[in-house]
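*Asks:* The following block contains the structure, expressed as structure tokens.
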């Protein structure tokens with residue numbers, strides 16, 4: 001059956017990637033926002049293994065809708081892996097911003113919370129000359145299931161080419177606790193929120209369909225190969241199409257010979 005498969009050298013490739021880019025940026029380490037969830041836990045462990053735990057700062061950012069057990073797990077993992085952790089309660093920041101902007105809509109408040117967390121991470125990173133680690137995975141990036149300039153913002157995104165189901169496999173390999181791997185995925189932006197509930201599809205099914213789209217397969221072939229319903233394929237293609245803008249920086253009109261976001265290539269600067 002069509003499904004994403006984790007390559008055996010994934011952790012090693014990510015480690016080389018991280019060490020190279022931290023050195024290239026002249027950074028002293030990295031900051032990771034740890035929520036107690038799967039993706040941030042895997043990111044923190046990969047960073048500690050690659051750079052050494054002394055070069056990783058774990059930041060816990062609870063607020064009114066954050067389950068206590070998630071913060072307990074995040075702190076326990078950080079301490080077990082030798083990662084220094086700091087706690088920043090987000091209630092005052094979020095409430096002040098929501099009051100000033102008169103935000104009442106639940107989804108808008110969720111986006112505000114996500115952007116507030118990223119503001120904290122970038123401030124702490126700037127103070128230490130660290131880079132900010134993104135914790136998004138390929139399933140989220142392709143469906144647009146993230147807040148633009150919130151959890152979608154980062155300097156490096158180690159899991160960005162791994163589907164959620166692959167991240168779960170990797171987590172087991174590198175020693176993330178089973179209770180964290182088994183936890184229902186949620187951004188905890190409001191009570192009862194779950195990723196799969198908002199996406200309208202479970203991750204296992206979603207990832208099989210996304211892989212088919214990645215491989216350029218036709219809908220009928222995805223239905224057959226991934227053993228899914230045709231309506232599910234249409235739904236997922238819609239998510240991918242509607243979120244194109246979230247995977248690009250602000251669009252720039254072409255005026256120069258090489259334009260950022262269009263034909264600029266970072267490798268060209270070395271010539």
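*Asks:* For a Förster distance of 45 Å, can you work out the FRET efficiency between the beta-carbons of residue 231 and residue 16, rounded to the nearest 0.05?
*Replies:* In this case the efficiency is close to 0.65.
*Asks:* Continuing with the same structure: When the Kirkwood hydrodynamic radius is evaluated over all pairs of different C-alpha atoms of segment 10-190, what value in angstrom, to one decimal, is obtained?
*Replies:* It is 16.3 Å.
*Asks:* Which peptide among 157-163, 227-233 comes first, and what is the full order, when sorted by highest mean count of other Cβ atoms within 10 Å?
*Replies:* Sorting 157-163, 227-233 by mean packing, highest first, produces 157-163, 227-233.
*Asks:* Given labels modelled 7 Å from the Cα in the Cβ direction, how far is it in nm from residue 25 to residue 184?
*Replies:* Placing both labels 7 Å beyond Cα along the Cβ direction yields 3.4 nm.
*Asks:* Can you grab the distance from the C-alpha centre of segment 214-237 to the C-alpha centre of segment 76-138, Å, no decimals?
*Replies:* If you average the Cα positions of each part, the centres end up 36 Å apart.
*Asks:* Moving on to the next point. Quick one: 215, 206, fewest Cβ neighbours within 10 Å first, how do they rank?
*Replies:* 215, 206
*Asks:* Return the whole-Å distance between the Cα centroid of segment 153-167 and the Cα centroid of segment 23-53.
*Replies:* 12 Å
A short reminder: the numbers here are calculations on the coordinates, not readings from a lab. Here the structure is a predicted model, which is why all the values come from computation and not from measurement. Heads up, the Cβs are rebuilt from the backbone with ideal geometry, glycines too, and the neighbour counts pull from every protein chain shown.
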